[in-house]
Amino acid sequence: MVDRKTNRVITLEEYIIQAQNKFPGATGELSQLLRDIGLAAKIISREVNKAGITNILGEDGSTNVHGESVKKLDLFADRQLISALNRSEITCMVISEENDGIVELDNDGGKYIVYLDPLDGSSNIDVNVSIGSIFSIYMRKKPGSDELSEDDALQPGVKQVAAGYVLYGSSTLMAYTTGLGVSLFTLDPSIGEFILSDTDVKIPDHGTIYSVNEGSYHSWDKGLKQYVKYCQVEDPATKRPYKARYIGSMVADVHRTLITGGIFIYPNSSQYPNGKLRLMYECNPLSFLIEQAGGMAIDCEGRIMEINPESIHQRTPIFIGSKQNVLKVKEFLDEYA
Ligand code: AHM
Ligand code: MG
C-alpha cells in the first residue's frame, strides 16, 4: 500500500508512529512494544526460512508444560520475543506457551503484560508448512504494585489493548489490532521491513470454507457432527457443499478464514473435553482480530473474549470466523445440547 500524499510505501514503524500521533496524550509505550514484537518477528522469520539448512530443525528432546515435545525453533522464538520485550522496559511480565509460570521481566514497574504463543503449529515445522507467532497485550491490573502474580494477568479477552499474529507463510505477514480495525503488513526480505499491505481488513459475512480436524469426528458432540454434515450437503442457495481446508496451524487457518471467510473450529471432544487450544495466547488474540474485522468467535456458549480466565494456560473450544457461519454452527450446538 502506498501513502497517497508521498506516493511511497509505509513501514510498520512509520504506521505505528502515525497511529500514535492521532492520540496526543499517548505515551508511545504501546507503540514501542509493537515495534519490539515486529523486530523479534523479523529475526524469527529469518530463522524459520533457513530452518532446513541449519541444524535448528527437529525436536530438542524436552517437553513443554503441556507434555508436548518442544522443537528447537519454538525455544528460539520464545527467547527472541522475550528478549525483545525486555529491551524497552515497558512490559513487566510475559506468559508464554513455552513457560509453566509467569516470566517476570527486568522492569517490574512496566505497565503491560504480554501473552505469547511464540511458534504456533509447531508440528508443521519439519514439513515446511506455515506456522505463526501470536501475541496478546493487557494492562497490568495494579500498575506500580510490588508483587507480580498470575492474578494480574488473569483478565478476560475484552480487556486486551492490542493483539496480533505473524504468519510465516509463502511470505511473512504481520496482522495486528489495537481495537481500531485490523492492519496487515508483509515483510519485504530485501529491505528487512514490514510494509503496510492492507488497513481496516473486513472478513466476509459468509464464507464457503469450513476448517476442522475431521479425523477427530468420532469424538465430537452430536451438534458439531450434524453441522459438518450440513456443510457437505448440496444447496446452491447457500453455496453448499462448502470446501474443507485444514492446515493444522491455527494462525494459518484463521488468516485464511479472515481473508476468504468461512469458519475455523477446534471443538471440545471426548479426547479434549475443554478443547485443545489455549484461551489466553491462542483464542483471545485471534478472536480480537476476527471481531475487529467484523467476524465472531464463540465457545459452546458465548463470546470467547468474555470468558473469565481461571488459569493462564486454560483451554477452550473455539468456533471462529464469518458471522453467518458462526451463528449457524451455534444453532446446531444449541439444538443438540
Ligand atoms: P501448538 O501450539 O502446540 O503448535 O498446537 C496448536 C495447534 C494449532 O495451531 C492447530 O490449530 C492445532 O494445534 C492442530 O491440532 P490437531 O493436530 O489436533 O488438529
Ligand atoms: Mg499454539
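Could you name the lysines in cross-link range of K229, using Cα to Cα under 21 Å and dropping any fewer than eight places away on the same chain?
Cross-link targets: K239, K243, K323, K328, K330.
For the stretch 263-337, state which GluC sites (Glu not before Pro) are in a DSSP loop and have at most 14 other beta carbons lying within 10 Å of their beta carbon.
Passing both the DSSP loop test and the Cβ count: E301, E310.
Ordered by residue, what ³J(HN,Hα) values in Hz, to whole numbers, does the stretch 284-299 give under the Karplus form 6.51 cos²θ - 1.76 cosθ + 1.60, where θ = phi - 60° and Gly and Pro are x?
Result, ordered by residue: 4, x, 6, 5, 4, 5, 5, 5, 4, 8, x, x, 9, 8, 9, 8 Hz.
Measuring from centroid to centroid over Cα atoms, what is the spacing of the stretch 264-293 and the stretch 137-213 in Å?
14 Å
Which of the pairs K42/K222; K42/K276; K50/K225 have their Cα atoms more than 32 Å apart in this structure?
The answer is K42/K222; K50/K225.
Can you work out ³J(HN,Hα) from phi for every residue in the stretch 92-97, in order, using Karplus 6.51 cos²θ - 1.76 cosθ + 1.60 and θ = phi - 60°, giving whole Hz and x for Gly and Pro?
Whole-Hz 3J(HN,Hα) from phi for the stretch 92-97: 8, 8, 10, 10, 10, 4.
Sort C283, C231 by Cβ crowding within 10 Å, fewest neighbours at the top.
In order of increasing Cβ crowding within 10 Å: C231, C283.
Please list, ordered by chain and number, the residues whose modelled amide H lies under 5 Å from the amide H of G132; skip anything fewer than 5 residues away on the same chain.
D120, Y168
How compact and how long is the chain, expressed as Rg and Dmax of its alpha-carbon atoms in Å?
Reported Rg and Dmax, both Å: 19.6, 61.
Pop the C-beta distance of Q18 and H218 into the FRET formula with R0 = 51 Å and round what comes out to the nearest 0.05. List each step's numbers first, then the result.
Details: r = 51 Å, r/R0 = 1.01.
Once the sixth-power term is evaluated, E becomes 0.50.
With angles folded into 0 to 90 degrees, how steeply does helix 222-232 sit against the dominant principal axis of the chain? Use alpha carbons for both and round to 10.
Here the helix axis deviates by roughly 90 degrees.
Quick one: which residues, 5+ away or cross-chain, put their amide H under 5 Å from the amide H of Q314? H built at 1.01 Å from N.
Amide H neighbours of Q314, under 5 Å, 5+ apart: L279, M280.
So what J values fall out for the stretch 157-172 if you push phi through Karplus, 6.51 cos²θ - 1.76 cosθ + 1.60 with θ = phi - 60°, rounded to Hz, Gly and Pro as x?
For the stretch 157-172, the Karplus-derived couplings read x, 5, 8, 4, 9, 6, 7, x, 9, 10, 10, 8, x, 4, 10, 8 Hz, x marking Gly and Pro.
What are the residues whose amide H is under 5 Å from the amide H of D198, where those residues sit 5 or more places off or on another chain and H is modelled from the backbone?
L184
Give the whole-number value, in cubic angstrom per residue, of the convex hull volume spanned by the C-alpha atoms of the stretch 103-210.
176 Å³
FYI, it's all coordinate maths here, none of it is from the lab. Bear in mind that the values here come from a model prediction, so they are computed numbers and not experimental data. Glycine also receives a Cβ, built like all others from the backbone with ideal geometry; neighbour counts cover every protein chain displayed.
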